[in-house]
Amino acid sequence: MFDPCSHPRVFALPPGVDFPRALVDGLRQRCADLPPHALARVHLVVNTRRMERRIAGLFDTGPASLLPRISLVTDLGALGLSAHLPPALPPLRRRLQLVQLISRLLDQQPDLAARASIFDLSDSLAALIDEMQGEGVAAEKIHALDVTDLSGHWARAQQFISIAARYLGATDDALDVQARQRRIVETLVAEWQANPPQHPIVLAGSTGSRGTTMLLMEAVARLPQGAVVLPGFDFDQPDHVWPELGDALTAEDHPQFRFARLMEQLSLSPDQITPWTSEPAPCPARNRLVSLALRPAPVTDAWMSEGPQLTGLDTATRDITLVEAPSPRDEALAIALRLRQAAEQGQTAALITPDRMLTRQVSAALDRWTLLPDDSAGLPLQLSPPGRFLRHVAGLFAARLDGEALLTLLKHPLCHTGAGRNEHLLHTRDLELDLRRNGPPFPETEDIANFAIRRDVPDDWARWVADSFCGQQVTGTLSLTDWIGRLRNLAETLSAGSAGGTGTLWDQKAGQEALAIVTALENESPHGGDMSARDFTDLLGGLLSTGEVRDRDAPHTGIMIWGTLEARVMGADLLILGGLNEGSWPESPAPDPWLNRRMRHDAGLLLPERRIGLSAHDFQQAIGAAEVWLTRSKRSDDAETVPSRWLNRLTNLLQGLPEQGGGVALAGMRARGRDWLDWAQALEYAPHTDPAPRPSPRPPVAARPRQLSVTEIKKLIRDPYAIYARHVLRLKPLDPLVQAPDALLRGIVIHEILESFVKDSVLDSALLTRDHFLKRSATLLDELVAWPTARALWQARLERVADAFLAAEAERRADGGPVAFEVKMDRRLDGLDFTLTGRADRIDMTERGSLCIYDYKTGAPPSEKQQARFDKQLLIEAALAEEGGFEGIDPTPVARAAFIGMGGSYKEVPAPLTDEPPARVWAELHKLIAAYFEPDQGFTARRMLHKDSDIGDYDHLARFGEWDRTATPKPEDLT
């Protein structure tokens with residue numbers, strides 16, 4: 001098929017050409033005058049499975065012919081290797097082995113790294129091992145590096161790299177994927193040198209960015225009937241520029257660097273790289289422009305000499321649209337609009353970007369027109385329903401069961417998918433309401449049983465919940481075999497439901513992918529050793545994150561979303577290069593915990609700029625298409641962005657060529673982009689809606705509340721709308737599902753501790769000691785508070801205020817003592833159909849027969865001024881006491897009333913009884929309640945809150961935020 005050649009045979013195709021189609025056309029042309037079976041003798045080696053499928057599809061479209069043999073560059077056994085090599089070890093096994101080795105090292109030297117980083121370290125170390133094997137770098141070469149200025153860091157890194165050295169020194173029977181690949185290529189090269197194959201072998205589509213692949217490309221190019229076909233080769237780059245690409249430290253990030261390296265290895269000059277076909281690039285003028293724009297940094301001064309010689313800039317940029325959006329949302333919406341137009345016009349269009357956030361935003365925008373793009377990346381398995389379900393199940397092993405974890409799983413669409421799912425959802429709803437109302441924060445088997453009795457829930461469902469969820473936490477370590485067995489059994493039990501049978505956990509594509517990972521983990525679990533529940537959960541999450549699931553729904557065949565890898569092998573009428581910002585495209589190099597840039601270069605490993613160079617090649621290949629969009633957002637969510645270096649170079653070059661029309665061409669690109677941004681903003685236009693007024697509803701007098709508690713009088717003064725919402729509309733805030741040791745619980749517990757302690761000391765004054773106080777508090781905290789951290793914190797606070805509280809308590813006892821606790825208050829206001837209710841924390845009686853009223857506060861007690869104007873709780877209680885409103889206590893004068901603060905420090909704040917005598921308070925209370933029985937009195941929202949930042953339970957109902965405290969209330973008569 002190929003004529004004899006005195007040098008290695010390397011072909012190429014220019015940027016912008018549909019590479020798979022041109023590759024097939026070139027094969028057909030070279031076999032056109034040969035017998036029909038000649039094409040069948042061709043062995044075509046491609047770099048990705050997608051390339052293989054595309055080429056097979058192009059041959060299927062005709063004309064009819066025999067097919068070449070197609071294999072992947074990773075399937076080198078198909079090239080006819082005579083020697084037998086053992087199968088590669090599964091990558092998961094290596095990861096598990098590295099986890100154990102690193103774990104043992106950290107057990108011996110815990111200061112090297114945190115244990116939480118074990119799995120990240122194992123992944124990073126596995127990547128280093130892969131790279132060493134792929135590039136043929138021995139561990140001894142890394143140990144011999146000059147690290148005189150990095151001795152501290154290097155000493156720590158050597159501890160981990162020694163693990164890699166021991167791993168690389170394993171026997172030949174334990175080859176992993178990269179080591180086996182390298183061994184196969186080296187064996188093939190040796191065999192081909194002795195006995196080269198005579199049939200055509202064509203390696204196409206690879207750039208040779210990895211050492212093993214480069215070695216294979218060199219060997220294929222030297223075969224008698226071998227050839228390498230390079231994608232996106234820059235035929236416009238002058239010969240004198242290619243030598244500038246030889247130094248990896250300065251040129252690794254250039255799109256043509258790998259081709260320059262290949263030519264150097266094969267002793268080829270640029271003119272010896274010939275086109276695979278005669279098909280021209282879609283826009284040769286654009287390729288010349290981009291080639292000059294992307295010149296290596298050391299020779300960028302060529303812009304001054306070669307720039308004025310560029311011609312046809314209007315042709316080069318005619319089909320380029322530059323979208324510089326003000327925000328990521330605007331960028332996504334403009335792209336979605338163009339994709340929609342492509343679908344309407346029958347164009348094939350593809351969005352190419354490594355930014356997955358942008359692709360999700362574009363997909364969401366397309367959903368308004370029910371357009372589902374063909375997304376090559378799919379959904380990460382860990383975010384799919386089976387992935388989330390398995391991670392939630394594993395979480396049961398690592399933490400104590402709480403209401404959130406329980407209901408998250410019970411409501412999951414893959415839970416109880418067998419018989420009786422509707423009844424399951426009904427019982428789950430009842431359980432949620434019960435947990436919100438009654439708790440406990442950490443349900444146990446007994447709590448589930450009590451719920452079943454209260455709500456008449458079937459015993460089999462309650463037993464299934466109790467057995468499956470309660471008591472799953474494991475505090476010690478188990479072998480990985482036990483962990484994965486527990487996970488699978490529990491997940492299948494939860495998916496099946498209370499009736500037994502089988503669930504749908506492993507159904508559909510996502511379930512099958514999840515099952516494959518679980519099965520692989522089962523098979524390799526003997527190599528995993530022992531681990532804690534948290535480590536197992538982290539391991540499972542990491543493994544699930546490596547999988548992906550394609551959408552089951554049929555996508556639009558002409559609207560695609562590709563990563564940069566897919567863009568190399570697919571063709572479309574329109575290519576949209578999205579997210580062209582630094583850090584996105586190209587992505588920032590990942591930090592290397594082992595070797596710096598210079599050390600990598602000296603050792604012969606890949607530089608961090610390798611991925612930038614590959615992205616640059618993808619950019620150069622894609623921008624050469626017939627019609628191209630270049631898009632970026634000027635701001636991210638929180639800061640201004642920096643344009644991609646390639647876009648920056650292109651715009652700077654055009655701006656510097658005004659005489660050739662560069663500025664006009666760039667202005668045209670931007671003008672086309674602004675048109676689409678204007679249309680996107682028009683699509684987002686929303687008509688002005690007047691904000692809601694500040695409400696002041698006036699319900700019928702008959703519907704107004706006839707009973708309030710003493711503590712609600714403060715709310716009636718400060719936020720009357722809350723009283724209206726609760727007592728007129730009868731709306732109550734839903735209790736939180738995630739119960740926490742908040743201020744409300746702390747107040748309840750501290751009240752219980754103080755009441756219990758004071759009662760004991762009244763009966764036996766010898767118990768009025770610090771030791772007894774702290775013992776009593778510790779006992780009740782253990783009984784009433786389920787959170788160990790909160791118990792310790794609250795106990796420490798009580799220890800801090802104990803002495804001051806006991807000293808003040810002794811003074812209170814010097815003049816009488818407690819006579820009642822939690823005293824019920826109930827008093828009807830004369831002349832009004834209104835009753836005042838409540839409970840007083842503590843009532844003392846002095847030796848003179850007068851009362852002292854005390855109220856415990858765990859927060860900051862209100863000041864005397866606040867009590868006089870707003871927080872009238874104690875003043876009203878004093879008035880009630882003198883009016884005979886306390887149950888079991890006759891009308892009695894009140895000598896003192898005070899708040900006892902038990903917060904961060906002990907504090908007593910007395911009520912201003914002298915300035916606000918009970919008789920006046922009682923009269924003012926009559927006046928306040930009577931005012932709200934007037935038909936024209938509205939319940940104004942947030943009438944006089946203490947701070948604008950105070951949050952009310954009904955602020956969202958009042959539409960607070962659309963108005964503020966300066967707004968005039970709008971009365972509204974209700975019927």
(message) Over 5 Å intervals from 0, what percent of Cα-Cα pairs in region 532-658 sits in each interval?
(response) 2, 8, 13, 14, 15, 17, 15, 9, 5, 2, 1, 0, 0, 0
(message) Relative contact order of region 291-368, please, whole-number percent, based on alpha carbon pairs below 8 angstrom and at least 6 residues apart.
(response) 26 percent
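Work out the P(r) tail for region 739-812: percent of alpha carbon pairs separated by more than 19 Å, whole number. Provide the component values of the computation, followed by the final result.
Values: 832 of 2701 pairs.
I get 31 percent for the Cα pairs in region 739-812 exceeding 19 Å.
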(message) Quick check: convex hull of the Cα atoms in region 869-926, volume per residue, rounded to a whole Å³?
(response) 98 Å³
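Compute the Cα gyration tensor for region 777-897, then decide on rounded, prolate or oblate, letting a ≥ b ≥ c be the square roots of its eigenvalues: rounded whenever a/c is under 1.5, prolate when a/b is larger than b/c in the other cases, and oblate in all that remain. Mind dumping the intermediate values first?
On the way: a/c = 2.03, a/b = 1.62, b/c = 1.25.
Since a/c reaches 1.5 and a/b is larger than b/c, the shape of region 777-897 is classed as prolate.
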(request) Show the residues, 5+ positions off or on another chain, whose built amide H is closer than 5 Å to the amide H of F834. (result) L829
(request) Name the shape class, rounded, prolate or oblate, that the alpha-carbon gyration tensor gives for region 170-256, where a ≥ b ≥ c are the square roots of its eigenvalues, rounded holds for a/c under 1.5, and otherwise prolate holds if a/b is larger than b/c and oblate otherwise. (result) oblate
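Report Rg(Cα)/(2.2 N^0.38 Å) for region 381-549, keeping two decimals.
Working: Rg = 15.9 Å, N = 169, 2.2 N^0.38 = 15.5 Å.
Expressed relative to 2.2 N^0.38 Å, the Cα Rg reads 1.03.
Using only Cα atoms, figure out Rg for region 21-72 and give it as a multiple of 2.2 N^0.38 Å. Please list the in-between numbers first.
On the way: Rg = 10.4 Å, N = 52, 2.2 N^0.38 = 9.9 Å.
Rg over 2.2 N^0.38 Å, computed on Cα atoms: 1.05.
Give the order of V73, V474 when sorted by the count of other beta carbons within 10 angstrom, beginning with the fewest. Mind dumping the intermediate values first?
Numbers: V73 23, V474 17.
Least crowded to most crowded, the residues run V474, V73.
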(request) Give me V241, V10 ranked fewest to most by other Cβ atoms within 10 Å of their Cβ, as a rough exposure proxy. (result) V241, V10
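Relative contact order for the chain: what percent, with Cα pairs under 8 Å and sequence separation of 6 or more? Can you show the working numbers first?
Details: 1527 pairs, mean separation 134.0, N = 975.
After rounding, I find 14 percent.
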(request) Taking only the C-alpha atoms, wrap a convex hull around region 606-668 and report its volume per residue in Å³ as a whole number. (result) 129 Å³
(request) Let me have the relative contact order for region 381-549, percent, based on Cα pairs under 8 Å that are six or more residues apart. (result) 36 percent
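If you rank R288, R261 by fewest surrounding Cβ atoms within 10 Å, what's the result? Working shown, then result.
Values: R288 22, R261 19.
Going from least to most buried by this count: R261, R288.
Can you give the translational diffusion coefficient of region 347-471 in µm²/s, computed by Stokes-Einstein from the Kirkwood radius over Cα pairs at 25 °C and 0.890 mPa s?
Values: Rh = 17.3 Å.
My calculation gives 142 µm²/s for D.
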(message) For the chain, take the longest principal axis of its alpha carbons; what is the angle in degrees between that and the long axis of helix 284-293, to the nearest 10 within 0 to 90?
(response) 60 degrees
(message) Counting just the Cα atoms, what span does region 713-869 cover along each of its three principal axes? Round to the nearest Å and put the largest first.
(response) 50, 48, 28
(request) Could you tell me whether region 243-295 comes out rounded, prolate or oblate from its Cα gyration tensor? Rule is a ≥ b ≥ c as square roots of the eigenvalues, rounded for a/c under 1.5, then prolate if a/b exceeds b/c, otherwise oblate. (result) oblate
(message) Considering just Cα atoms, how many Å³ per residue does the convex hull of the chain enclose?
(response) 246 Å³
(request) Compute the whole-percent fraction of alpha carbon pairs in region 680-786 spaced more than 19 Å apart. (result) 69 percent
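Bear in mind that the values in this text are calculations on the coordinates, not laboratory data. This one's a predicted model, so the numbers in the text were calculated from it and none came from an experiment. Ideal geometry is used to build each Cβ from the backbone, glycine not excepted, and the neighbour counts take in all protein chains shown.
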